[in-house]
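This report refers to the structure that appears directly beneath it.
The values are calculated or read from the model by the stated rules, or taken from the named source; none is laboratory data. Bear in mind the structure is a predicted one, so any value in this text is a computation, not a measurement. Positions of Cβ are backbone-derived with ideal geometry, glycine not excepted, and every protein chain shown enters the neighbour counts. Surface accessibility is based on the protein's heavy atoms, side chains included, excluding ligands, DNA and RNA. Shrake-Rupley method; radii C 1.70, N 1.55, O 1.52, S 1.80 Å.
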Amino acid sequence: MAASRLVVLVSGSGTNLQALLDAIDAHPGGSEGFGAEVVAVGADRANIAGLERAEKAGIPTFVCPVKDYGSRVEWDAALTAATDAYAPDLVVSAGFMKIVGKEFIDRFGGRFVNTHPALLPAFPGAHGVRDALAYGAKVTGCTVHFVDSGVDTGPIIAQGVVEVRDEDDEAALHERIKEVERKLLVDVVGRLARHGYRIEGRKVTIQ
Ligand code: GAR
């Protein structure tokens, strides 16, 4: 079986992207290897470490900043076309900090995976770590899920749990979450690619 084609979307440091690249590098190939390859990395802003990581790995990149388009709908169409040009089997949002629109979801729904730094459905949105801390949660973590038209509301694939410590600030807690998150994302993406999956309502089964 050929490796599944991944397009990864990033907005920042790209350590989750790097974890995927390292796992693929360690076991390249289709069913006999990791099961997937990164064919392109997209971003909503230039000059970020995530794009540098892709360039260093020799992977094509594209950038679609919202401000370059007349409306959010036009931006969404451009992001959809730029992603589609690489014919991905799966699209992975790994710290991509923009909510995509209807066209993107219509095109990639059911094969668009996001990683979020909280235990959904608790603390969705752009500040999952800060919101869990402010709420006084004693455990939090990360969620890898399929993206639907809501904000962090799609079917859950896997979750990882992280204890909140009394001395935690947002940065310290986020760093411990990301240690769990990178392993979880690599594990999930590899299994989706190698084994295939079914989504029935909210239930995701990896075959
Ligand atoms: C990750 O913790 C990811 O869950 C979070 O951004 C971080 C990206 O880290 N995403 C969100 O908060 C989306 N709402 P990275 O750039 O080092 O991979």
Quick one: go through segment 145-182 and flag any residue whose amide nitrogen is under 15 Å from the point 7 Å out along the Cα-to-Cβ line of R202.
-> 145-159
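Give me the number: length gained by fully extending D169 to S31, i.e. 0.36 nm times residue separation minus the C-alpha to C-alpha distance, one decimal in nm. All intermediate terms of the calculation are to be shown ahead of the outcome.
Working: separation 138, 0.36 × 138 = 49.68 nm, distance 4.13 nm.
Separation in residues times 0.36 nm, less the Cα-Cα distance, equals 45.5 nm.
Summing Lys, Arg as +1 and Asp, Glu as -1, what charge do residues with Cβ under 14 Å from the Cβ of A171 carry, A171 excluded?
Numbers: positive: R130, R165, R176, K178; negative: E167, D168, D169, E170, E175, E179.
Computed value for this residue: -2.
Find the accessible area per residue for the chain; the probe is 1.4 Å, ligands and nucleic acids are left out, and the unit is Å².
Per residue, the chain has 47 Å² of solvent-accessible surface.
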Surface share of carbon and sulfur [accessible, 1.4 angstrom probe, percent] for segment 165-207 | 48
Long-range amide H contacts for S4: which residues qualify at under 5 Å (H placed 1.01 Å from N, peptide plane, sequence gap of 5 or more or a different chain)?
-> A36, E37
Between segment 1-27 and segment 125-169, what is the C-alpha centre distance in whole Å?
-> 22
Residue-wise HN-Hα coupling along segment 138-146, computed from phi with Karplus coefficients 6.51, -1.76, 1.60 (Hz; x: Gly, Pro) = 8, 10, 9, x, 9, 9, 9, 9, 6
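Just to confirm the filter: which GluC sites (Glu not before Pro) across segment 153-202 are DSSP coil and have at most 12 other Cβ within 10 angstrom of their Cβ?
Details: sites: E163, E167, E170, E175, E179, E181, E200; in loops: E167.
Counting only loop positions with at most 12 other Cβ atoms within 10 Å, the GluC sites (Glu not before Pro) in segment 153-202 are E167.
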Under a 5 Å amide H to amide H cut-off, with H placed in plane at 1.01 Å, what residues pair with A43 once short-range neighbours are removed?
-> V10, F62, V63, C64
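Which of rounded, prolate, oblate describes the chain, given a ≥ b ≥ c as roots of the alpha-carbon gyration tensor eigenvalues and a/c under 1.5 marking rounded, otherwise prolate only if a/b is larger than b/c? List each step's numbers first, then the result.
On the way: a/c = 1.39, a/b = 1.20, b/c = 1.16.
Rounded.
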For the chain, averaging the sequence separation of alpha carbon pairs under 8 Å that lie six or more residues apart and dividing by its residue count, the contact order in percent is 19
How far apart, in nm, are two points set 7 Å out from the Cα along the Cα-to-Cβ line at V180 and at Y69?
-> 3.4
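Under the rule of -39500 (n - 2.57) per DSSP H run of 4 or more residues, summed and divided by the residues of the chain, what mean residue ellipticity at 222 nm is obtained, to the nearest 500 deg cm²/dmol?
Numbers: 6 runs with 74 residues, N = 207.
About -11000 deg cm²/dmol.
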